[in-house]
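K.L.:
First the structure, then my questions, so here it is.
The values are calculated or read from the model by the stated rules, or taken from the named source; none is laboratory data. No experiment lies behind these values; they were computed from the predicted model shown. A quick note on method: Cβ atoms are made from the backbone with ideal geometry, for glycine too, and the neighbour counts reach across all protein chains shown. Surface areas here come from the heavy atoms of the whole protein model, side chains and all, with no ligands, DNA or RNA. Shrake-Rupley method; radii C 1.70, N 1.55, O 1.52, S 1.80 Å.
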Amino acid sequence: MIVKTGKEEILTYLEDASNFREGSAERLYIPDDEGDLISILTDCAKNNIPVTISSGGTGTVGGRVPREGVILSMERFNRIINIDKNEKTSTLQAGVVIKDFLDLIEKEGLFYPPFPTERTAFIGGNVATNASGEYSFRFGPTRRYVKKIRMILTNGDTLEIKRGCLYEKNGVIDYGMFKVPLPSYRTPPVKCSAGYFSQEGMDGIDLIIGSEGTLGVITEVKVSLIDALPPRFIVIVFLRDEEGIPFIVKEIKKMCGDALFSLEFFDSGSLEFLKNDFPAIPENTCAIYVESVSNTEEMERWLDIAERYNAVDTWLAEDRKNYEKLIDFRHRLPENINAYFKKIGIVKVAMDIAVGEDSFPEMYGFYRDMMKKEKIHSILFGHIGENHLHFNLFPASDEEKIRAKEIYEICVRKAISLGGTVAAEHGIGKIKHKWLEIMYGREGLKEMAGIKKIFDPYCILGLDNIFPKALLK
Amino acid sequence: MNIVVCIKQVPDTFEVKIDPETKRIVREGVESIINPYDNYAIEEAVRLKERFGGTVTAISMGPPQAEKALRDAIAMGVDDGVLLCDMKFAGSDTLATSYILSCGIKKIGNFDVIVCGRETLDGSTGQVGPEIAHHLNIPYVTYVSKIKNISSGVMECVRLMEDHYEELKVHLPVLITVVKEINQPRIPSLKGMLKAKKAQINIWKSDNIEGEISSYGQDGSPTRVVDVWTEHMKKEGRKVEGETDKLVEELATELKKLGVL
Ligand SMILES: Cc1cc2nc3c(=O)[nH]c(=O)nc-3n(C[C@H](O)[C@H](O)[C@H](O)COP(=O)(O)OP(=O)(O)OC[C@H]3O[C@@H](n4cnc5c(N)ncnc54)[C@H](O)[C@@H]3O)c2cc1C
């Protein structure tokens, strides 16, 4: 085990990919094994020292950033324990870097469907945030692929849960060592990573997935895999009709169905951020971006779609080089946005709202009206196939900052009124308590705090993640 | 305006494998792509068509599988593809290659501008373009970084030199070789891609073109390859772990040992 106390040595662990800058810790532990982990946790429990679990640090809500106490880095839990080709599963330690995992299983002709865009994330981080990957339109979030979790609790006990073994019954999930009441709120049936999962008859493992480091330390997981993907192409269709997008997307879903792996949207403002890298982007257009199974029939279908909706231009990547270029097109937007605003010193306000299929056109129209009405520079892009767009605001003055917060709240309330979620893929962390409270009410947050206290009676783990620690009193 | 673009299919690798016996490039097991510089040539040819009208024909000499390169060019907006493909062409050096290509271009006929990439990834001679111009007895401009205008049979273009640019005017028909700075090659459109899939590529054998057979292939190649090898660069890596202070010390010692510091 490595222990570090030097300020500079800890510095990088006091940040993640969010704007949260209130990190502070007195010590960093890098345990080698569960034995180390148990002694750290029981020691901290005894001395009432807060513990924050840290993985790849790619989270976007400050989840791994501690306000106080110690950091527990999972980087040495990096062993892939086995890959079962017949069963198509893998058991791995929580600190395995996603990229390493993908590279290894690729050699076996296998694929991990929910892999996130940011491949320096750890598998444990993905499970803790229920991350959704590049192909979540097709494959859904991490939750679907987790078959087993091994977790160390703050009292030093080990909890092992296999999917399909314990279900909620009569309002209770019985984990053996303790019973947990099912919260009265329900997780909406949309892409969602907001707070503890809650559904009637739910599997006990699903409470752990997406719990953002508040219930225990995940040390090992077993995940299911699928065969390597068939050849794919990417097509970008540039369109003028920004208003008609929800309708067009609906038609695309109807026409292409199972052939699609991802279905993304970039509004005209988002494309502006890409024009330096891709000067051929046509003026005054928005874009639909899809990845599809590659065959001539699908290509012809897309030509049909492009013609039907008067596409200004289409880009198609089938060979490796162009494919990589267009993957870069997709990944570069968030990077360019962040780089630009860092340069001019503006903190962006980024939303992660998703709603149901039927409500999406209304939500989209709502965003569009907001963009027209408000002076603040804003853009809209993201996972339109899952009714999940990232509405980003860039307030340029203090006045605009205040207004941006108000707009955020207005959008949150609208989404909730439509049965949606305030966090579709990035979780709540330390920066979205307020929105979660609007979604589930003060009561909902208190119920979550109650559940946390059952798993972590010392109330030391992942404090201020999901709900304010004051609720633990 | 009739535009011809000359392209070559090359192995997609930085480390070209050479057969130690034949001294030729081993193509097996390596994905083939359009010579990267030729993508700029294709793009510029298509842009010329878009600016001034006309048609673009891509021509390549190579094995049957080089048809794929021509299809990729069509996907980018080229109208027609011609593949010069015959065992008699095998073993051609730059002189024979440029001769065969010039015969093919003569057959296409009626050309105003011929566009080539500055050089190929595998051969890196940069000779084929100028030699084609020589065989066709037309002027050529190498390292073109911008075509400013074409009017009244005159092209105004800019040439990228080592430390300066040259601006030239040249009469059509003309051959140019282009550098990366000239444009950003487009990503194919859906329409282009589908057209490419269905396109008929013209395959011309030695009897389809008019040329001296003795100038084809090995017979027409004065160059004799004495030896070819790939330079093996040794990459080494070592991972060190431990406390920061010790790591810094170790790194400094290591760099001094290697003469970097
Ligand atoms: C460029 C970029 C693109 C991204 N794209 C996506 C995307 O497409 N989809 C998506 O969902 N997210 C995305 N994210 C967010 C991020 O990658 C995911 O949230 C990821 O799952 C976080 O993993 P991590 O290992 O970096 O975790 P960290 O940031 O280190 O931690 C995240 C949270 O999980 C907890 N945690 C970590 N490990 C454990 C463990 N072993 N046991 C218990 N709790 C633990 C931490 O305490 C913290 O609360 C992106 C981020 C970036 C920067």
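K.L.:
Would you point out the residue of region A:105-154, among those that are without any contact (Cβ under 8 Å) to a residue 60 or more places away in the chain and within 11 Å of the ligand (Cβ to nearest atom), that is farthest from the other protein chains (Cβ to nearest Cβ)?
P.N.:
Restricting to residues being without any contact (Cβ under 8 Å) to a residue 60 or more places away in the chain and within 11 Å of the ligand (Cβ to nearest atom), the top hit is A:Pro114.
K.L.:
In this structure, does B:Tyr99 turn out to be open to solvent by 40 Å² or more (accessible area, probe 1.4 Å), farther than 30 Å from B:Asn149 by Cβ, in contact (Cβ under 8 Å) with a residue 40 or more places away in the chain and not basic (Lys, Arg)?
P.N.:
Yes, satisfied.
K.L.:
Out of the strands (runs of 3 or more DSSP E) lying entirely within region B:106-178, which hold 2 or more residues that are among the charged types (D, E, K, R)?
P.N.:
Because the criterion is at least 2 residues that are among the charged types (D, E, K, R), the strands (runs of 3 or more DSSP E) in region B:106-178 that meet it are B:140-151, B:154-160, B:165-171.
K.L.:
I'd like to know if region A:196-215 contains one or more residues that are more than 25 Å from A:Ile460 (Cβ to Cβ), within 16 Å of the ligand (Cβ to nearest atom) and within 21 Å of the chain's Cα centre (by Cα).
P.N.:
no
K.L.:
Of the conditions (1) free of Cβ contacts under 8 Å to residues at least 60 places away in the same chain; (2) within 14 Å of chain A (Cβ to nearest Cβ); (3) outside any loop (DSSP other than H, G, I, E, B); (4) not hydrophobic (A, V, I, L, M, F, W, C), B:Lys197 clears all except one; give me its number.
P.N.:
All conditions pass for B:Lys197, except number (1).
K.L.:
Tell me which helices (runs of 4 or more DSSP H) are completely within region A:263-373 and hold 1 or more residues being more than 24 Å from A:Gly427 (Cβ to Cβ) and within 14 Å of chain B (Cβ to nearest Cβ), or say none if there are none.
P.N.:
A:296-308, A:320-344
K.L.:
Show the residue pairs meeting these rules: Cβ distance below 8 Å; 6+ apart or different chains; first residue within region A:17-33 and among the basic types (Lys, Arg); second residue open to solvent by 70 Å² or more (accessible area, probe 1.4 Å).
P.N.:
From region A:17-33, the pairs are A:Arg21/A:Glu15; A:Arg27/A:Thr5.
K.L.:
Right, another one. In this structure, does A:Glu291 turn out to be surrounded by fewer than 17 Cβ atoms within 10 Å (Cβ to Cβ) and at pLDDT 95 or above?
P.N.:
Spelling it out, it is not the case that A:Glu291 is surrounded by fewer than 17 Cβ atoms within 10 Å (Cβ to Cβ) and at pLDDT 95 or above.
K.L.:
Let me ask something else. Can you tell me which residue among A:Phe265, A:Phe233, A:Phe278, A:Phe261 is among the aromatic types (Phe, Trp, Tyr) and open to solvent by 10 Å² or more (accessible area, probe 1.4 Å)? So that I can check it myself, show each step before the final result.
P.N.:
Values: A:Phe265 fails: open to solvent by 10 Å² or more (accessible area, probe 1.4 Å); A:Phe233 fails: open to solvent by 10 Å² or more (accessible area, probe 1.4 Å); A:Phe261 fails: open to solvent by 10 Å² or more (accessible area, probe 1.4 Å).
Only one candidate passes the filter, namely A:Phe278.
K.L.:
Give the residues of region A:99-109 that are in contact with a Ser or Thr (Cβ under 8 Å, 6 or more places away or on another chain) and of a type outside the set (Lys, Arg), sorted by residue number. Walk me through it before giving the result.
P.N.:
Residues of region A:99-109 that are in contact with a Ser or Thr (Cβ under 8 Å, 6 or more places away or on another chain), as a first pass: A:99, A:101, A:105.
A:Phe101, A:Ile105 - these are the residues of region A:99-109 that are in contact with a Ser or Thr (Cβ under 8 Å, 6 or more places away or on another chain) and of a type outside the set (Lys, Arg).
K.L.:
If A:Lys432 satisfies all but one of (1) over 21 Å from the mean Cα position of the chain (by Cα); (2) within 16 Å of the ligand (Cβ to nearest atom), what's the number of the condition it fails?
P.N.:
(1)
K.L.:
Search region A:287-307 for residues that are within 18 Å of A:Leu229 (Cβ to Cβ) and pair each with any residue that is part of a helix (DSSP H, G or I) and among the basic types (Lys, Arg) when their beta-carbon atoms are under 8 Å apart and the residues are at least 6 apart or on different chains.
P.N.:
A:Tyr289/A:Arg330; A:Met299/B:Lys197
K.L.:
For A:Pro457, work out the one condition from (1) touching a strand residue (DSSP E or B) at 6+ places or on another chain (Cβ under 9 Å); (2) touching a residue at least 60 places away in the same chain (Cβ under 8 Å) it doesn't fulfil.
P.N.:
Result: A:Pro457 passes all but (1).
K.L.:
Considering only residues that are open to solvent by 10 Å² or more (accessible area, probe 1.4 Å) and in a loop (DSSP other than H, G, I, E, B), look in region A:211-224 and name the one that is farthest from B:Ile187 (Cα to Cα). Let's see the steps before the verdict.
P.N.:
Just the residues of region A:211-224 that are open to solvent by 10 Å² or more (accessible area, probe 1.4 Å), to begin with: A:212-213, A:218, A:220, A:222, A:224.
Narrowing further to those that are in a loop (DSSP other than H, G, I, E, B): A:212-213.
Working: A:Glu212: 41, A:Gly213: 43 Å.
Top of the filtered list is A:Gly213.
K.L.:
Follow-up. Where in region A:1-87 are there strands (runs of 3 or more DSSP E), lying wholly inside it, with at least 2 residues that are open to solvent by less than 50 Å² (accessible area, probe 1.4 Å) and within 9 Å of the ligand (Cβ to nearest atom)? Don't jump to the end; show me each part of the working.
P.N.:
Values: elements: A:2-4, A:27-30, A:51-54, A:70-73, A:80-84.
Qualifying strands (runs of 3 or more DSSP E): A:51-54, A:70-73.
K.L.:
Separate question: Could you tell me how many of the residues in region A:323-364 are surrounded by 14 or more Cβ atoms within 10 Å (Cβ to Cβ), out of contact with any Phe, Trp or Tyr (no Cβ under 8 Å at 6 or more places or on another chain) and over 25 Å from A:Asn387 (Cα atoms)?
P.N.:
Total satisfying the criteria: 1.
K.L.:
Please specify each residue of region A:88-101 satisfying the condition of being within 12 Å of the ligand (Cβ to nearest atom) and polar (S, T, N, Q).
P.N.:
A:Gln93
K.L.:
Also, I was wondering about something else. Within region B:61-69, is even one residue more than 14 Å from chain A (Cβ to nearest Cβ) and in a loop (DSSP other than H, G, I, E, B)?
P.N.:
Yes: region B:61-69 contains one or more residues that are more than 14 Å from chain A (Cβ to nearest Cβ) and in a loop (DSSP other than H, G, I, E, B).
K.L.:
Next up: Of the residues A:Asp33, A:Asp16, only one is more than 14 Å from every other protein chain (Cβ to nearest Cβ) and more than 19 Å from A:Ala128 (Cβ to Cβ); which?
P.N.:
A:Asp33
K.L.:
Within the bounds of region A:377-389, is there any residue that is away from chain B (no Cβ under 14 Å), open to solvent by 40 Å² or more (accessible area, probe 1.4 Å) and in contact (Cβ under 8 Å) with a residue 12 or more places away in the chain?
P.N.:
Here is the first cut: in region A:377-389, the residues away from chain B (no Cβ under 14 Å) are A:377-389.
If we keep only those that are open to solvent by 40 Å² or more (accessible area, probe 1.4 Å) as well, we get A:377.
Among the residues that remain, those that are also in contact (Cβ under 8 Å) with a residue 12 or more places away in the chain are: A:377.
Scanning region A:377-389 turns up at least one residue that is away from chain B (no Cβ under 14 Å), open to solvent by 40 Å² or more (accessible area, probe 1.4 Å) and in contact (Cβ under 8 Å) with a residue 12 or more places away in the chain.
K.L.:
Going by what's in this entry, would B:Gly77 be described as within 14 Å of chain A (Cβ to nearest Cβ) and either open to solvent by 20 Å² or more (accessible area, probe 1.4 Å) or assigned to a loop (DSSP other than H, G, I, E, B) (or both)?
P.N.:
Working: within 14 Å of chain A (Cβ to nearest Cβ): yes; either open to solvent by 20 Å² or more (accessible area, probe 1.4 Å) or assigned to a loop (DSSP other than H, G, I, E, B) (or both): yes.
In short, yes.
K.L.:
Here's a follow-up. Here's a check for you: in region B:224-234, which residue that is loosely packed, with under 13 Cβ neighbours inside 10 Å and in contact (Cβ under 8 Å) with a residue 60 or more places away in the chain is farthest from the other protein chains (Cβ to nearest Cβ)? Please lay out each step first, then the result.
P.N.:
First, pick out the residues of region B:224-234 that are loosely packed, with under 13 Cβ neighbours inside 10 Å: B:224-227, B:229-234.
Now restrict to residues that are in contact (Cβ under 8 Å) with a residue 60 or more places away in the chain: B:225, B:227, B:229-230.
Details: B:Val225: 29, B:Asp227: 32, B:Trp229: 28, B:Thr230: 22 Å.
Top of the filtered list is B:Asp227.
K.L.:
For region B:33-40, indicate whether the set of residues that are crowded, with 24+ Cβ neighbours inside 10 Å, charged (D, E, K, R) and touching a residue at least 24 places away in the same chain (Cβ under 8 Å) is non-empty.
P.N.:
The answer is yes; a qualifying residue exists.
Listed here are the residues, each with its yes/no results for (1) within 16 Å of the ligand (Cβ to nearest atom); (2) closer than 27 Å to A:Ser211 by Cβ; (3) loosely packed, with under 15 Cβ neighbours inside 10 Å; (4) in the same structural domain as A:Pro189 (by TED's automatic domain parsing).
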residue: A:Phe391; (1), (2), (3), (4): no, yes, no, no
residue: A:Tyr408; (1), (2), (3), (4): no, yes, no, no
residue: A:Ile428; (1), (2), (3), (4): yes, yes, no, no
residue: A:Tyr440; (1), (2), (3), (4): no, yes, no, no
residue: A:Glu443; (1), (2), (3), (4): no, yes, yes, no
residue: A:Phe467; (1), (2), (3), (4): yes, yes, no, no
residue: A:Leu471; (1), (2), (3), (4): no, yes, no, no
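K.L.:
If a residue must be of a type in the set (A, V, I, L, M) and more than 24 Å from B:Gly54 (Cβ to Cβ), how many such residues does region B:93-115 contain? Walk me through how you get there before you give the answer.
P.N.:
The initial filter retains those residues of region B:93-115 that are of a type in the set (A, V, I, L, M), namely B:95-96, B:100-101, B:105, B:108, B:113-115.
Filter again for more than 24 Å from B:Gly54 (Cβ to Cβ), leaving B:95-96, B:100.
Going through region B:93-115 one residue at a time, the tally reaches 3.
K.L.:
Select from region B:179-194 the residues that are exposed (fewer than 15 other Cβ atoms within 10 Å of the Cβ) and assigned to a loop (DSSP other than H, G, I, E, B) and list them in ascending order. Step through it out loud before you land on a result.
P.N.:
Kept after step one, since they are exposed (fewer than 15 other Cβ atoms within 10 Å of the Cβ), are these residues of region B:179-194: B:181, B:184.
Matches in region B:179-194: B:Gln184 only.
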